[in-house]
Every structure is written in structure tokens, then in C-alpha cells.
1. Report, by residue number, each residue of region A:28-71 that is more than 11 Å from DNA strand C (Cβ to nearest atom), more than 14 Å from chain B (Cβ to nearest Cβ), in a helix (DSSP H, G or I) and of a type outside the set (Asp, Glu).
2. Which members of region A:160-194 meet the condition of being within 17 Å of A:Ala144 (Cα to Cα) and more than 7 Å from every other protein chain (Cβ to nearest Cβ)?
3. State yes or no: is A:Asp81 away from chain B (no Cβ under 13 Å) and assigned to a helix (DSSP H, G or I)?
4. Which numbered condition in (1) crowded, with 17+ Cβ neighbours inside 10 Å; (2) in a loop (DSSP other than H, G, I, E, B) is the only one that B:Asp76 fails?
5. When only residues in region B:150-159 that are among the charged types (D, E, K, R) and at the interface with chain A (Cβ under 10 Å from one of its Cβ atoms) count, which is nearest to A:Gly174 (Cα to Cα)?
6. Taking the criterion of being in contact (Cβ under 8 Å) with a residue 40 or more places away in the chain, farther than 30 Å from B:Glu149 by Cβ, more than 16 Å from DNA strand D (Cβ to nearest atom) and in contact with a Phe, Trp or Tyr (Cβ under 9 Å, 6 or more places away or on another chain), would at least one residue in region B:70-77 satisfy it?
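All of the numbers you see were taken from the coordinates with simple rules; none came from a lab. Being a predicted model, the structure only gives us computed values, none of them experimental. Because the Cβ atoms are built from the backbone with ideal geometry, glycine has one as well, and the counts that use them run over all protein chains shown.
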2 protein chains.
Amino acid sequence: MTGDTRRPHTGRRRNEAARRAILDVAVELLGRTDDAPVTIDTIAAAAGVGKQTIYRWWPSKGAVLLEAMAERAGHDIPVPDTGTLRGDLDEFLTATFRRAGMRLTATVLRHSMAEAQRDQHAREQMRAFVGARRDVLRGVLARARDRGEIAPDADLDLIVDQAYGVLWYRILTGHAPLGDADASRLARALSDQAAATLTP
Amino acid sequence: MTGDTRRPHTGRRRNEAARRAILDVAVELLGRTDDAPVTIDTIAAAAGVGKQTIYRWWPSKGAVLLEAMAERAGHDIPVPDTGTLRGDLDEFLTATFRRAGMRLTATVLRHSMAEAQRDQHAREQMRAFVGARRDVLRGVLARARDRGEIAPDADLDLIVDQAYGVLWYRILTGHAPLGDADASRLARALSDQAAATLTP
DNA sequence: TACTTGTCGAGACGAACAGTCTCGATAACG
DNA sequence: CGTTATCGAGACTGTTCGTCTCGACAAGTA
């Protein structure tokens, strides 16, 4: 409570190289074989790192995996701006499906979602990640609404859920791949769906 | 290869009561607390059963859970026949969302899907279960197609994925509940989507 | 240059759990 | 009554998570 202003930071600093190695190795090990037993000991050994270095910075094994996933699955998906909802959705869903459809990324996503059902820390990180991705897509829809392309009372969340729902459902069950054609068809269907409420 | 026709079955028979107790207890334990550690030992003890009795009939812990889930989530969802696609979808999705939205059922579904990512047996059972549920919904759509309500070349699988995608996505992330209103809105959107391809 | 402080890699350790194995008892058949 | 397969019970092994301890090392401070 009293002024802790003295000594803002002393001692050795966090090793950024170790952090990178841990996150990279976690992903790489998942990709080696699909039924690979990715354990903390394996990650630590492969990253040339002590176990305590992992548990000093992450609260659980799932938290490591979730951070690696969020990095890999969230970056480099640009926010589109084609001028039309249909075009924006096509571009966004194609990029998103391509990323998620990559074998390694899909594997990471699958195991991250599984971990999120068991590990409380991972669960919260998954919530944050999913929320962030949803916000981006909802933003695309909101812009279209502001342009007057869709009804003011359209259920944007339900549309978002359909897009990401198809993605996760296919990744988790593996009953069908995520192709460009699927992304385009879904983009068309969802933009039509959003516009339909305009014509009662 | 030679005639094994002698002695088609001797010895004590499988105890059906034990089977029921195991499946019921597995579900019940999952529901007790959400972060409950449901273990094989716990199931065996609560069901008044030896561990070997479980492993004699199921190949893994995940297989037990998946069978319990398939029983609970697949039964008593009637195939609707209202005469219109919109009506059929509304009835089917409302019943399905109600079932999956029940707290206990949702918990079982969540952990089953998680188990399916780690356990090969559970994975195959999940595939079979998901395939069966998809077949039912695809059948509803196919009937509408035969009635001429939707285009012959409509992508039925994508529509099915949108419906079950929303369901699983919400259950696994927990970012929103599965309400009757969601089911009805989705039914309307998907029936419109299927019909839209008719009017180019 | 010494001193303090926090991180480093390494690995021992305990607890929890999945799955196997063995045991004597018991039920369904001939 | 003899054969056979399942039953409940629990000991046992192997794996993994997460904690704890150790001496070494780096980044500031005096």
C-alpha cells in the first residue's frame, strides 16, 4: 500500500529468445505427428529451456498453447474494404479459411479448443481470442450497416456465429475441409442473409 | 476359419445394469461441478463397478463419455414434417438447440468434443455421431428440394454446417446461450438462403 | 568493483491419472 | 456338476502436470 516507487525493476530480465523458442516449439511439436504427446517436458527439452522457465511465465500448459495459437491464428488477416459487404466478406472469409485450413494451424486450433475445455486459464484466453476475432468480423458487418446495405436491426452476432461456426465445426470434426469455394459461397449467403431483412 | 458354430455363447452374460450405471454416472459426474476431474476410478467407484468392467467393454475413457453423449444428445429429436422447409427447420433447430442448451447436456458435449481431439476412439465415435445428426438435417433439406422448395444445386452441406456450426461454436466458447429465438431466426435465414438460389 | 536481486537451465520430487493385470466369486449354459 | 465368461476389488506400471531446489548468471545499485 505504501509507496513501492523504489526499485521499479532489478535483477536479470526475461529472456525473450526463450519465450519465442517455447511458443515456436509448442506449435512445431503439435505438427510433428497428429497424435504426438506434446508435454511440458517435451517442450522444455526441445526449446532448450528449464521447466521452471515455462511455469514462471505461464500458469499452465494450456496457457502456453493458447498464446501460441492466438499469435498464429490472429495475425495477418487484414480488415477488408472493398466497398460492398459481399466483397468484404468474401475477402475476409477466404483469408480466414485459408489460414485456419492450413494443416498445422488447424491442428493447433483443434488442440487449443480441447485444452480450453479442461484448463481454466486456457478457457479465458480462448474467450479473449474468440471475442477479438468476432469483433473484427462484426466491425465489417457494422460498416455495411452504416452504409445502409443491411437492416439496422439485423442480428449481426448470429451472422458472425455462422461464419466462425462453420470454421470451428469443420476443424474440430474434420468431416470436410475449408476451401476457397466454401468461403465464397458462405460470404454470398451471409451477405444475402444480412440484406434480406431489408425487404420485408 | 473352420466352423466356429459350436458354443455360440457360454459363460456369464454382460450385466446391463452395470452398463447403464457406468454411462449414467459418467454424465452425472460431469455435471456435478464444471471443473470436476472425472476419472475412470471415480466413475467405477460411483457406479459400484470394477475398473476392468469398464475396460472390458470400452477401449478408453473417452469412448465411455462419447457413448453417453451420443445417447443423450441424439435421442428424442423427432424428424419434423410441417410441409414447409421453414417450418421443418424451425421445429428441428428449436428442439436441437433446446436439448444442446441444457446445462448438463452442454457440459457433456463440450467435454466429449475435447476428448475427441485427444483420443482416437472418441474421435471416431464423434465422427459417427456428427455424421448421423448431419444426415437427419440433410434429409430435411433434401425433402424440401424434392418438393421444389429449393434449387437442385443448393449446397446442402454448407447449410447443415451453418446450423450445427452455430450450435457447437456457442457451446464450446460459451460466448452466448442457445435460445429459442436464435433457433427460429436461424431457421428463417437458412430456409431463405436455400430458396434464394431458386431466383437468379 | 562488490552487492543485491531476479532469471536461467537442470532435474528431483509428489500427486494424479490411464490403462493393465490378477484375484476369488458368481452367473449362464451344457 | 463342469465349463466358461463376467463380476467387483484393488495392486501395479508408466506417464504427465506442476512444484521445489540448486548453482550459475545477468542487470542493475552502491
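1. Answer for region A:28-71, where residues must be more than 11 Å from DNA strand C (Cβ to nearest atom), more than 14 Å from chain B (Cβ to nearest Cβ), in a helix (DSSP H, G or I) and of a type outside the set (Asp, Glu): A:Leu29, A:Gly31, A:Arg32, A:Thr42, A:Ile43, A:Ala63, A:Val64, A:Ala68.
2. If the condition is that a residue be within 17 Å of A:Ala144 (Cα to Cα) and more than 7 Å from every other protein chain (Cβ to nearest Cβ), then A:Val160, A:Ala163, A:Ala187, A:Arg188, A:Leu190, A:Ser191, A:Ala194 are the ones that fit.
3. Spelling it out, it is not the case that A:Asp81 is away from chain B (no Cβ under 13 Å) and assigned to a helix (DSSP H, G or I).
4. In the conditions (1) crowded, with 17+ Cβ neighbours inside 10 Å; (2) in a loop (DSSP other than H, G, I, E, B), B:Asp76 misses (1) alone.
5. B:Asp157
6. yes
Listed here are the residues, each with its yes/no results for (1) part of a helix (DSSP H, G or I); (2) hydroxyl-bearing (Ser, Thr, Tyr); (3) crowded, with 17+ Cβ neighbours inside 10 Å.
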site	(1), (2), (3)
A:Gln162	yes, no, yes
A:Leu167	yes, no, yes
A:Arg170	yes, no, yes
A:Ala176	no, no, no
A:Ala181	yes, no, no
A:Leu186	yes, no, yes
A:Ser191	yes, yes, yes
A:Ala195	yes, no, no
